[in-house]
1. Give the shape of region 65-180 as rounded, prolate or oblate, defined through the alpha-carbon gyration tensor: a ≥ b ≥ c are the square roots of its eigenvalues, a/c under 1.5 means rounded, and otherwise the shape is prolate if a/b is larger than b/c and oblate if not.
2. Could you check what % of the DSSP bridge pairs in the chain are antiparallel, to the nearest 5?
3. Tell me the per residue accessible area of region 151-191 using a 1.4 Å probe; a whole number in Å² is fine.
4. Heavy atoms of the protein only, probe of 1.4 Å, neighbouring chains included. What is the accessible area of ASP149 in Å², nearest 10?
5. Using 1/(1 + (r/R0)^6) with R0 = 45 angstrom and r between the beta carbons of ASP57 and GLU21, what's the FRET efficiency to the nearest 0.05?
6. Calculate how steeply helix 186-197 sits against the longest principal axis of the alpha-carbon atoms of the chain, using the helix alpha-carbon long axis, and give the answer as 0 to 90 degrees to the nearest 10.
7. Helix-derived [θ] at 222 nm for the chain: sum -39500 (n - 2.57) over DSSP H runs of at least 4, divide by residue count, nearest 500?
8. Show me the chymotrypsin sites (Phe, Trp or Tyr not before Pro) within region 9-112 that DSSP assigns to loop and that have at most 16 other Cβ atoms within 10 Å of their Cβ.
Amino acid sequence: MENKHYGPIKEVLEFLYEKIEDNTNVLEIGPGKIPFIKATHTLGLDIDKNVKVIDIDTTPLPYPDKFFDFVYIRHVLEDIQNPDFVFKELIRVAKKGYIETPSPVVELSNNAESPDYKGYIHHRYIVWTKDNTLNFIPKYPIIERYSFDIDRTFLNNPIFWNNYFMWDEKTIPICKMWKNDVNFDIRNDYIKKLQESI
């Protein structure tokens, strides 16, 4: 993995900017250092427009139902403790939206951040999409002991560093949390689930 692709991808941003009309009410959650230029409201730090700061893991978003025409959230849900709670809030406050998370290919490969660890060491979840469902599975330390069947040449192309998930009011998505001893068994199913995510 020679090149790292951490920032927003220009072509993805251009696609989204074309989808969002002017004078549209847009929320961005977790803008980081590169804010979404179409955002009219922001939950996060270090941004000057209509900023609010809350603990999104436990606090409902401070907006009424369908207040926003569009919500943009990039590389946030894999970091937090309760992505399913935040996911429900996103669907509640926005008519449409875009979610971006790191791809399982990156999360299960060495050298995203360090040659000594798989993926991003601070992420709590590995995320993938399938059949209008956003899947979250805990990123247990056991992944460091396994080699996954991954074509790492994909990582030369920045587009494969992420999952891209959009919804609107006609295609309301589902969030599925994979939990040990609830809907899978870590001893028998975990590695299979991760390989499936790739």
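The values are calculated or read from the model by the stated rules, or taken from the named source; none is laboratory data. Predicted, not measured: the structure shown is a model, and the values here were computed from it. Note that each Cβ is placed from the backbone with ideal geometry, even for glycine, and that neighbours are counted across all protein chains shown. For the accessible areas, the whole protein counts, side chains as well, though only heavy atoms, and no ligand, DNA or RNA atoms are used. Shrake-Rupley method; radii C 1.70, N 1.55, O 1.52, S 1.80 Å.
1. Taking the square roots of the gyration eigenvalues as a ≥ b ≥ c, region 65-180 is prolate.
2. DSSP beta bridges in the chain are roughly 40 percent antiparallel.
3. 64
4. Spelled out: ASP149, probe radius 1.4 Å, area about 130 Å².
5. For ASP57 and GLU21, the calculated efficiency is 0.90.
6. Computed tilt is about 60 degrees.
7. Calculated at 222 nm, the ellipticity per residue is -5500 deg cm²/dmol.
8. PHE67
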